[in-house]
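A short worksheet on the structure shown next.
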Amino acid sequence: MAINKDKNSYTVIFAAIMVVVVGSILAFLASGLKERISENERLEKQQNILYAMGVHENVDQGSVNFIPTDRVAEEFEKYISEQLVVEGNTAKPYDEAYLIDLQKEETLAKKGATRKLPLFVGNKDGKKFYIIPMRGKGLWDAIWGFVALDESMTVQGVYFDHKGETPGLGANIKQRYFMDDFVGESILKGDAYVGVKVAKGNNDPVNKIKDDNEVDAMAGATITGDGISAMIKKSLRMYKPYLETIKSKS
């Protein structure tokens, strides 16, 4: 018996079969690659944390070169001396704190649960770094990153990334010229934790002024820049009680 391929029922049945087949294939691939995906995410987070504290392989003024994946675990263990979870003005050790999902923690906090705030302590060239993970909202989707502070609450490095910002505009938050501007900026204004603002028209396009709590904005990316400013300020507000204990020792 010939099948009438012009009938609507044939189209519906064919589409349903294809959905099941394709869905099964994707589920199989996702299951088979789950371990590899998790490993890649782990290595990427280690690379980002190290980059923020200045451990990378940049060779010129424009490159953003991470520690290679075949060495990053070793370098992470070498430079990161403590992984902590902050609770108010205290912190306790937490194995693999870099795997804490900030988005999930934020969702739990909105439901009244206690939020885990990971913090990483690094040592490089005899200097101590405190690296804070951050997550915020850009123009189109999530933005995130890490900021490395010294004991005086001065930025020693940052790393930013995004999910869907506009190429050539907001996506430039992960470009070297933008991230480097944050180095040397204080997050304090007097005793207030104000963060670092991405400001339009701050009259300091080459960022020589380091006591204004500002970096120059990216052209055509005002909303993404505002998202960076808000993300830094929100993160510092959550960590402030513990940062105060660090500052008091400096």
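The values are calculated or read from the model by the stated rules, or taken from the named source; none is laboratory data. This structure is a prediction, so every number in the text was calculated from the model and none was measured. Cβ: placed from backbone, ideal geometry, glycine included. Neighbour counts: every protein chain shown. Side chains are part of the model used for accessible areas, which takes the heavy atoms of the whole protein and leaves out ligands, DNA and RNA. Shrake-Rupley method; radii C 1.70, N 1.55, O 1.52, S 1.80 Å.
A Cβ distance below 6 Å, combined with a sequence gap of six or more or placement on separate chains, defines the contacts here; from the stretch 200-225, residues that are touching a residue at least 60 places away in the same chain (Cβ under 8 Å) reach residues that are surrounded by 13 or more Cβ atoms within 10 Å (Cβ to Cβ) in the pairs Ala221/Leu169; Ala221/Gly170; Ile223/Leu139; Thr224/Gly138; Thr224/Leu139; Thr224/Glu165; Thr224/Gly170.
With respect to the conditions (1) surrounded by 16 or more Cβ atoms within 10 Å (Cβ to Cβ); (2) at pLDDT 95 or above; (3) touching a strand residue (DSSP E or B) at 6+ places or on another chain (Cβ under 9 Å), Thr166 falls short on a single one, namely (3).
Results for (1) among the charged types (D, E, K, R); (2) modelled with pLDDT of 95 or more; (3) within 22 Å of Lys233 (Cβ to Cβ), shown as yes or no for each residue.
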| site | (1), (2), (3) |
| --- | --- |
| Glu41 | yes, no, no |
| Val55 | no, yes, no |
| Pro68 | no, yes, no |
| Tyr79 | no, yes, no |
| Gly88 | no, no, yes |
| Lys92 | yes, yes, no |
| Asp95 | yes, no, no |
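If you go through the stretch 203-212 and pick out every residue that is buried (at least 16 other Cβ atoms within 10 Å of the Cβ) and among the polar types (S, T, N, Q), you end up with 1.
Every listed requirement among (1) modelled with pLDDT under 95; (2) of a type in the set (Ser, Thr, Tyr); (3) closer than 24 Å to Leu243 by Cα is met by Thr154 save one, (1).
Scan the stretch 169-196 residue by residue and report those that are part of a strand (DSSP E or B) and open to solvent by 50 Å² or more (accessible area, probe 1.4 Å). Write out each step before concluding.
Of all residues in the stretch 169-196, those part of a strand (DSSP E or B) come to 186, 188-189, 192-193.
Across the stretch 169-196, the qualifying residue is only Lys189.
Counting just the residues of the stretch 150-163 that are assigned to a strand (DSSP E or B) and open to solvent by 20 Å² or more (accessible area, probe 1.4 Å), which one comes out farthest from Lys197 (Cα to Cα)?
Taking the stretch 150-163 and keeping what is assigned to a strand (DSSP E or B), we get 154-162.
With the extra rule that they be open to solvent by 20 Å² or more (accessible area, probe 1.4 Å), the set shrinks to 154, 156, 162.
Working: Thr154: 14, Gln156: 16, His162: 18 Å.
Of everything passing the filter in the stretch 150-163, His162 is farthest from Lys197 (Cα to Cα).
Of everything listed in (1) under 20 Å from the mean Cα position of the chain (by Cα); (2) modelled with pLDDT under 95, the single unmet condition for Gly126 is (1). When you go through Thr245, Thr224 one by one, which is the residue that is more than 18 Å from Gly157 (Cβ to Cβ), out of contact with any Ser or Thr (no Cβ under 7 Å at 6 or more places or on another chain) and at pLDDT 95 or above? Residue meeting the stated conditions: Thr224.
Looking only at the stretch 213-241, count how many residues are surrounded by fewer than 19 Cβ atoms within 10 Å (Cβ to Cβ) and closer than 23 Å to Gln61 by Cβ. Final tally of qualifying residues: 2. Annotation: of all residues in the stretch 130-149 being open to solvent by 20 Å² or more (accessible area, probe 1.4 Å) and not aromatic (Phe, Trp, Tyr), the one that is nearest to Leu236 (Cα to Cα) is Arg135.
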